[in-house]
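Visitor: Please read through the structure below; I'll follow up with questions.
The values are calculated or read from the model by the stated rules, or taken from the named source; none is laboratory data. Keep in mind the model is a prediction, meaning the values are calculated, not measured. All Cβ positions, glycine included, derive from the backbone under ideal geometry; neighbour counts span all protein chains shown. Quick note on the areas: whole protein, heavy atoms, side chains included, nothing else; ligands and nucleic acids left out. Shrake-Rupley method; radii C 1.70, N 1.55, O 1.52, S 1.80 Å.
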Amino acid sequence: MKSSIEIQFQDQLNSYPAGATPNDIIDTVSVKNRSDIVAAEINGRPVDLTTPLTESGTLDLIVVDSAKGLDILRHSSAHIMAQAVKELFPEVKVTIGPSIEDGFYYDFDVFRPFTPEDLEKIESRMKEIVKSRLPFRRKVMSRDEAIRYFEETGETYKVEIIGAIDAEDVTLYSQGEFTDLCRGPHIPNSGFVKAFKLMKVAGAYWRGDERNRMLQRIYGAAFPSKEKLKKHLDLIEEAKKRDHRKLGKELDLFSILDEAGPGMVIWHPKGALLRYLVEDFERKEHLKRGYELVVGPQILKRELWEKSGHFENYRENMYFTNVDEIDYGIKPMNCLAHMLIYKSRIRSYRDLPIRYFELGVVHRHEKSGVLHGLLRVRQFTQDDAHILCTPEQLNDEILNIINFVRDVMGIFGFEYTMELSTRPEKSIGTDEDWDRATNALKKALLDLGVEHEINEGDGAFYGPKIDIKLKDALSRSWQCATIQCDFTLPERFGLTYVDKDGERKRPVMIHRVVLGAIERFLGVLIEHYAGAFPLWLAPVQAVVMTITDRHDAYARDLKQRLDENNVRVELDDRNEKIGFKIREARNRKIPYMLVVGDKEIEENRIGVRKRGQDNTVSMTVDEFVSQFDNEVKSRL
RNA sequence: GCCCACGUAGCUCAGUAGGUAGAGCACUUCCUUGGUAAGGAAGAGGUUCACCGGUUCGAUCCCGGUCGUGGGCUCCA
């Protein structure tokens, strides 16, 4: 080993004895906000401030407020929680505890699940640990030595983890009496944890596999300051107000009732109208883009599902019924009927691409634990289309769909992420077809320069797919649009077209949805707008409200005129004060409040108060209708 | 499906060493005719506290089970 190393640090190149730590180096210069520095990087590799440096290079500091710094802070918080848990419950086994967005979690194998009271105790103990400013000590050990250590301490999960590590040495971190296997780096001492809160306990399978033992996971939030933690908690509170389940009730959009069945949505008039508006928009957008509307039956013979592979691969999610001693499967997807329509006559290459669109109602038997408001239900309507095209047309079709999705998401103002999912274990079709399909999707994403992640093994059983995900109020991701390439079903159903050369050839099929499930999309949409729908989507666009019953006749006339001009308007002529009516309309997030009183009648005008504004503008009915129409047209 | 928590009037929630249940809003009626975020009064409303069992003289409250909801895990539009 060299006796000295050259370190570039803050515009200075200096020589230090080998084994100098970042702390030593920082001490040689004046650094501001010393207490914000949680770790360092040597040549881009994160290290503790106390790690002896053995190589020359560039030293950078990691401050707590940076992405890397937060990650370290939260990861160290997880260690502190594990320490507290081990002190309070020595019999638990520790497993893993990473940092996550806004905080951290740690999974424990326990004999008895944690109670809310346990959480309080753990949190108190953590506060004591933080107060005592215990240093995080790093130790390098050989694998064998580490395995022996964890075997002795009974930490069998750690032994298993080390078994999977492919390195000579591993590192262990200790604070107080607690030692954990960890790559690091960590904060210098537990006192750096300024603000944290244990949020919830949950079950989680070891290694995320449901065949494994269920562990107890504790989630915590951690931030560099109390203010930031409070801001985070306030944000969660605000997000809860946007919850579509809460708004669905408040705005009387829908209900999901125990007595009707879990995962079955009952749409009330306002919600059904919202659905209608979105579906109407969808039909028009599809017709514009060369799709044809089709409708398939709700149940199809079981043999057909056997032929398609659904019976083999998707049966556990399907409902079945028997009519006249014939077995039927209730459709969980819409593709079968679409293929039958294609097959109903001979197709020429001139006919392709054929694009069948259906707002198809499907049933899927989702596991009870996954149901979630409108976002995960058992009966839903997909804005589903199946495109049959030649292999040469495939790429263009995929590009068109991605652009379609982009347009629509733009109209609703959504941000989204895209993912490419590849072949799962349970699947049908040849490797060659899967490669072709996967490459077609990849190429389209590349051609459009779309950023995307890869989800290995997450494709549908019949083909790979591009998924577009939207986030709900609590920033949980939900898959909405999806584009799936399929060479297998056309094969299984013997779909063909006659090509230029007179030969019968196999078309390629694309399964795709844009909004995904109307239910899920509306759930996310409600949260996106926090219930304040833009004018074109608002189930009730305006409320005419009277000051007193002297104004009822004028108000009724006004309502009728607006009805005639396609304004979705209600009349509030109740025996209530105007303040009461305004308040209620505000709470219902009605876009326009139209006040009529003596003044308005005298001038033959209306007092227009727009959602989000406190002032009232006087206008004629014509002026209002014209402003209204413009706003609807521009989908503001 | 698995882990934890929860399940009281239409809604939001209170409640009790275990002694047959309460508020606000909403609803109905009456008074009030009031100009931009809640006018006033009265009344009705729970087959009695999700359901089924058990303990007990007696259970909404304790115990067990079922169903559902919420938060996660797994899975997925």
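Visitor: So which GluC sites (Glu not before Pro) in region A:174-277 end up in coil per DSSP with only 14 or fewer other C-beta atoms within 10 Å? Before the final figure, lay out each step's value.
Guide: Details: sites: A:177, A:210, A:227, A:237, A:238, A:250, A:259; in loops: A:177, A:210, A:259.
Of the GluC sites (Glu not before Pro), the ones in loops of region A:174-277 whose Cβ has at most 14 other Cβ atoms within 10 Å are A:177, A:210, A:259.
Visitor: Still on this structure: Measure nothing but the geometry: give the 0 to 90° angle between the long axis through the Cα atoms of A:226-241 and the longest principal axis through the Cα atoms of chain A, rounded to 10°.
Guide: 30
Visitor: Here's another thing I want to ask about it. Given 0.36 nm per residue, what is the gain on full extension from residue A:306 to residue A:6 after removing their alpha carbon distance, in nm?
Guide: Between residue A:306 and residue A:6, full extension yields an extra 101.1 nm.
Visitor: For every other residue with a beta carbon closer than 13 angstrom to the beta carbon of residue A:142, add +1 if it is Lys or Arg and -1 if Asp or Glu, then tell me the sum. Don't jump to the answer; show the numbers that get you there.
Guide: Numbers: positive: A:139, A:143, A:148; negative: A:144, A:145, A:168, A:169.
Here the charged neighbours net out to -1.
Visitor: What is the helix-to-structure angle for A:116-131, meaning the angle in degrees between its Cα long axis and the longest Cα principal axis of chain A, kept from 0 to 90 and rounded to the nearest 10?
Guide: Its long axis makes an angle of about 50 degrees.
Visitor: Write out the GluC sites (Glu not before Pro) in region A:1-105 meeting two conditions: DSSP loop, and at most 12 other Cβ atoms within 10 Å of their Cβ.
Guide: For GluC sites (Glu not before Pro) across region A:1-105 that sit outside H, G, I, E and B with at most 12 neighbouring Cβ atoms in 10 Å, the list reads A:91, A:101.
Visitor: Could you compute the FRET efficiency for residue A:500 and residue A:164, with r as their C-beta to C-beta distance and R0 at 56 Å, rounded to 0.05? The partial results should precede the final answer.
Guide: On the way: r = 56 Å, r/R0 = 0.99.
E(calc), rounded to 0.05, equals 0.50.
Visitor: Oh, and also: Extending each Cα 7 Å along its Cβ direction at residue A:87 and residue A:587, get the distance between those two points in nm, one decimal.
Guide: If labels sit at residue A:87 and residue A:587, their model points lie 4.8 nm apart.
Visitor: May I ask you to compute the full-extension gain from residue A:112 to residue A:618, defined as 0.36 nm times their residue separation minus their alpha-carbon distance, rounded to one decimal in nm?
Guide: Value of the extension gain: 175.4 nm.
Visitor: Normalised by the number of residues in chain A, what is the relative contact order in percent for Cα pairs under 8 Å and 6+ residues apart?
Guide: Details: 1168 pairs, mean separation 54.6, N = 636.
Dividing the mean separation by the residue count of chain A yields 9 percent.
Visitor: Against the longest alpha carbon principal axis of chain A, how many degrees, from 0 to 90 and to the nearest 10, is the axis of helix A:431-447 turned?
Guide: 80
Visitor: Give me the lysines in straight-line cross-link reach of residue A:559: C-alpha distance below 27 Å, same-chain residues under 8 apart excluded.
Guide: Result set, ordered by chain and number: A:249, A:270, A:577, A:581, A:589, A:599, A:610, A:633.
Visitor: Count the net charge of all other residues whose Cβ sits under 14 Å from the Cβ of residue A:72, scoring Lys and Arg as +1 and Asp and Glu as -1. It would help to have the intermediate numbers written out before the result.
Guide: Numbers: positive: A:45, A:68, A:74, A:138, A:183, A:194; negative: A:36, A:41, A:48, A:60, A:65, A:71.
Net charge in that neighbourhood comes out at 0.
Visitor: Rg/Rh for region A:69-233 to two decimals, with Rh computed the Kirkwood way over all alpha-carbon pairs.
Guide: On the way: Rg = 15.2 Å, Rh = 16.0 Å.
With Rh from the inverse mean 1/r over Cα pairs, Rg/Rh is 0.95.
Visitor: Note the per residue figure in Å³ for the convex hull of the C-alpha positions in chain A.
Guide: Details: hull volume 154.8 nm³, N = 636.
So the per-residue hull volume is 243 Å³.
Visitor: Next up: If we count every other residue with Cβ under 11 angstrom of residue A:174's Cβ, Lys/Arg +1 and Asp/Glu -1, where does the sum land? Please report the intermediate quantities before stating the final value.
Guide: Working: positive: A:137, A:138, A:139; negative: A:177, A:180.
Around residue A:174, the charge tally is +1.
Visitor: Just to confirm my numbers, what's the Cα centroid distance between region A:289-361 and region A:373-388 in Å?
Guide: 14
Visitor: Here is a further query. With only Lys, Arg, Asp and Glu charged, each at its Cβ (+1 for the first two, -1 for the last two), find how big the charge dipole of chain A is about the Cα centre; round to the nearest 20 debye. Numbers along the way, then the final one.
Guide: Values: 94 positive and 105 negative charges, 201 e Å.
Charge dipole, chain A, about its Cα centre: 960 debye, nearest 20.
Visitor: Treat each spin label as a single point 7 Å out from the Cα along the C-beta direction, and report the residue A:455 to residue A:566 distance in nm.
Guide: According to this spin-label approximation, the distance is 3.8 nm.
Visitor: Wrap a convex hull around the Cα atoms of region A:252-321, take a quarter of its surface area, and give that in square nanometres. Mind showing how you got there, number by number?
Guide: Details: hull surface 28.5 nm².
One quarter of the hull surface, i.e. the mean projection, equals 7.1 nm².
Visitor: Please report how far the C-alpha centroid of region A:555-581 lies from that of region A:115-161, rounded to the nearest whole angstrom.
Guide: So the two Cα centres are separated by 66 Å.
Visitor: So what is the 222 nm mean residue ellipticity for chain A from helices alone, if each DSSP H run of at least 4 adds -39500 (n - 2.57) and you divide by all residues, rounding to the nearest 500 deg cm²/dmol?
Guide: Details: 19 runs with 221 residues, N = 636.
Calculated from helices alone, the mean residue ellipticity at 222 nm is -10500 deg cm²/dmol.
Visitor: Counting only C-alpha contacts under 8 Å and six or more residues apart, can you give the relative contact order of region A:542-634 as a whole percent?
Guide: Details: 128 pairs, mean separation 26.1, N = 93.
Dividing the mean separation by the residue count of region A:542-634 yields 28 percent.
Visitor: Provide the FRET efficiency to the nearest 0.05 for the residue A:346-residue A:280 pair, computing r from the beta carbons and using R0 = 41 Å. Present the calculation step by step, with values, prior to reporting the outcome.
Guide: Values: r = 34 Å, r/R0 = 0.83.
Efficiency for this residue pair is about 0.75.
Visitor: Something else about it: Which value, in Å², gives the accessible area per residue of chain A when a 1.4 Å probe is used on the protein heavy atoms? List each step's numbers first, then the result.
Guide: Details: 30830 Å² over 636 residues.
Per-residue value: 48 Å².
Visitor: Same structure, new question: Sticking to Cα atoms, compute the Rg of region A:542-634 to one decimal and its Dmax as the biggest Cα-Cα distance, whole number, in Å.
Guide: 12.1, 37
Visitor: Modelling each spin label as a point 7 Å along the Cα-to-Cβ direction, I'd like the residue A:365/residue A:133 distance in nm, to one decimal.
Guide: Calculated label separation equals 6.2 nm.
Visitor: Another one. In the structure displayed, which of A:32/A:194; A:442/A:500; A:93/A:228; A:301/A:367; A:139/A:197; A:301/A:426 lie more than 21 Å apart, Cα to Cα?
Guide: Numbers: A:32/A:194 19 Å; A:442/A:500 28 Å; A:93/A:228 32 Å; A:301/A:367 24 Å; A:139/A:197 29 Å; A:301/A:426 23 Å.
Flagged as over cut-off: A:442/A:500; A:93/A:228; A:301/A:367; A:139/A:197; A:301/A:426.
Visitor: Can I ask one more? Taking every pair of distinct Cα atoms and averaging 1/r, then inverting, what Kirkwood hydrodynamic radius in Å comes out for region A:1-78?
Guide: On the way: mean 1/r = 0.0786 Å⁻¹.
Every distinct Cα pair counted, the radius reaches 12.7 Å.
Visitor: Can I ask one more? Within chain A, what whole-number % of the accessible surface is contributed by carbon and sulfur, with the 1.4 Å probe and all protein chains included in the calculation? Let's see the in-between values first.
Guide: Working: 14710 of 30830 Å².
Roughly 48 percent, rounded to a whole number.
Visitor: Between the DSSP loop rule and a limit of at most 10 other Cβ atoms within 10 Å, which GluC sites (Glu not before Pro) in region A:360-427 are left?
Guide: Filter output for region A:360-427: A:415, A:425.
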